[in-house]
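Okay, so here's the structure we're looking at.
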Amino acid sequence: MTILCTALRVERAAVAAAARGMRLLHTGIGPARVAAACLPAEPTLTAGVGGGLSPHVRPGDVVVASEVRGDGPPVSIRSAPLLAGALRRRGLNVHIGPVLSTAKIAEGATRQALAESGALAVDMESYAVAQAIGDQPYAVVRSIVDTVDQPLIRPGTPWRGFRALQALRACAPVFEQWSAAVADRSVVLATPRSFCAGVSRAIDTVDRALERFGAPVYVRRQIVHNAHVVRELESRGAIFVQEVEEVPRGSTLVLAAHGVSPAVRSAAADRDLAVIDATCPLVSKVHAEVRRSSTRGETIFLIGHGDHEEVQGTVGEAPDSVVIVEDVEAARRVRPGDPRRVAYATQTTLAVDEAEDIAAVLRERFPDVTAPRSDDICYATTNRQAAVRAIADVSDLVLVVGSTNSSNSRRLVEVCERAGTPARLVDDAGEVDLRWLAGARRIGLTAGASAPSQLVDEIGFCLSGLGSVDLTESSGSHEDITFTLPREVS
Ligand code: SF4
């Protein structure tokens, strides 16, 4: 059974009712009392009030320790992002970072010196508990009463203490979730996963443009559909815009990996923008097919999602000739002008089997339909779907890393669900809900083609903070495709 460790009776009272399924253990204040409590080597969560050190941490905020520091080597707390994410979803103001344990209450100049250490908060027990339980799963949550500029010995302390205990009470149901998620697990990583050649090329293009031309470099829409990638490039000087009209005349503009319609290119030319085209070559191939078919006077059935930027860009190549076909029902209904002069093309990031079902209906209804010369659904989409299907078979739950607007990531979730395995799309570890993990001993992990691989690694690391993890990698297709950069930045 997991242990919920508190030092003060008021802390224990704040969490006792909500944190069911955990053994409550009251140590008393300070490392000596923790040592005297002879804590068993069990998974443990230390909860209570604490003092803020960082100026960003205010009374009533909650600090989740990513590391506890004391008079020995620091102890890393690997499940912290999962816990912090769960607490944020409860509406609490949560910070994640190092927590420092001291033997005495630190005030005045000592407190100021501690604040300069980079720790977010200070307490008196967390480090001693970490030492007592050894390598068992561990977590620390502190709700803040006092700060460097609002020390304990001040008139407002009772009110701040009340707020901190209220925050602690609000945390308690999450402690129970953490406790239920503690388990030894097997984790299997899908191969391949994460960045494809088109995404790497697009990100490198913005990077190189920033290097070569200096900030700001404008990017129309998200360069790839991933919030982390966009934030990272923004921090280096990229400015993301929705439309070309937002870009100052004469600036440098990068077009995103999903491709654009010719109308966007001419709008950019009208504004004298220096355009660098990061459209994935495999998307450009579909554009070229559509242009060819349109020149031949064919109606082109574009199998894809009408609200996706890639499809909108492709339609723009021949708006009068393209008919979007989103599903099998639509394929059964479409009526082209001349049923013998028809072709079809496919969005690059669709579910392979669903797209094939739609194409089969079109082929049956229109025997003369021209198919793409080679598959439009790209190698990266195909390989990632095959890989996730393989791990779904041996998983209780599959976590797919990717943003909600990433088509290929969402398809990975659907592939698992069709295989009968629950799957969740998460942007990062903070979005992994602890409740999904309860009872899930076999976790599959993958990432869409636009999601950085370190986000997958981070989730594996967090899971290892809930129990031992037996990590394996599935065998899958080896990818060695690369695309050359646009000439402006090569
Ligand atoms: Fe290109 Fe496919 Fe990657 Fe899209 S998912 S950028 S089409 S390689």
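The values are calculated or read from the model by the stated rules, or taken from the named source; none is laboratory data. Every value quoted in this text rests on a predicted model; they were computed, and no experiment measured them. Backbone-built Cβ (ideal geometry, glycine too); neighbour counts: all protein chains shown. To get the accessible areas, we keep the full protein, side chains included, count just its heavy atoms, and leave off ligands, DNA and RNA. Shrake-Rupley method; radii C 1.70, N 1.55, O 1.52, S 1.80 Å.
Would you point out which residue out of His228, His258 is at pLDDT 95 or above, within 16 Å of the ligand (Cβ to nearest atom) and open to solvent by 10 Å² or more (accessible area, probe 1.4 Å)?
His258
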(message) Need a quick list: strands (runs of 3 or more DSSP E) entirely within the stretch 265-337 having at least 3 residues that are closer than 30 Å to Arg249 by Cα.
(response) 274-277
(request) Given the conditions (1) at pLDDT 95 or above; (2) more than 25 Å from Leu25 (Cβ to Cβ); (3) over 20 Å from the mean Cα position of the chain (by Cα); (4) open to solvent by 40 Å² or more (accessible area, probe 1.4 Å), report the number of the one that Gln136 does not fulfil. (result) (2)
(message) Tell me yes or no: at least one residue of the stretch 117-124 is open to solvent by less than 30 Å² (accessible area, probe 1.4 Å), touching an Asp or Glu at 6+ places or on another chain (Cβ under 6 Å), modelled with pLDDT of 90 or more and not in a loop (DSSP other than H, G, I, E, B).
(response) no
(request) From Val352, Val388, grab the single residue that is closer than 24 Å to His478 by Cα and either within 13 Å of the ligand (Cβ to nearest atom) or among the basic types (Lys, Arg) (or both). (result) Val352
(request) Pick out the one residue from Leu152, Leu114 that is over 18 Å from Thr27 (Cα atoms) and assigned to a loop (DSSP other than H, G, I, E, B). (result) Leu152
(message) Looking only at residues that are outside any helix (DSSP H, G or I), open to solvent by less than 20 Å² (accessible area, probe 1.4 Å) and aliphatic (A, V, I, L, M) in the stretch 189-222, which one is farthest from His308 (Cα to Cα)?
(response) Leu189
(message) Return the residues of the stretch 431-454 that are away from the ligand (no atom under 16 Å from the Cβ), open to solvent by 10 Å² or more (accessible area, probe 1.4 Å) and not charged (D, E, K, R); say none if nothing qualifies.
(response) Trp436, Ala438, Gly439, Gln454
(message) Here is a list: Arg208, Arg193, Arg220. Which entry is in contact with a helix residue (DSSP H, G or I) (Cβ under 7 Å, 6 or more places away or on another chain), within 15 Å of the ligand (Cβ to nearest atom), among the charged types (D, E, K, R) and in contact (Cβ under 8 Å) with a residue 12 or more places away in the chain?
(response) Arg193
(request) Check whether at least one residue in the stretch 367-375 is within 20 Å of Gly476 (Cα to Cα) and out of contact with any Asp or Glu (no Cβ under 6 Å at 6 or more places or on another chain), and report yes or no. (result) yes
(request) Hey, can you tell me all the residues within the stretch 196-205 that are of a type outside the set (S, T, N, Q) and either at positive phi or near the ligand (Cβ under 10 Å from one of its atoms) (or both)? (result) Cys196, Ala197, Gly198, Val199, Arg201, Ala202
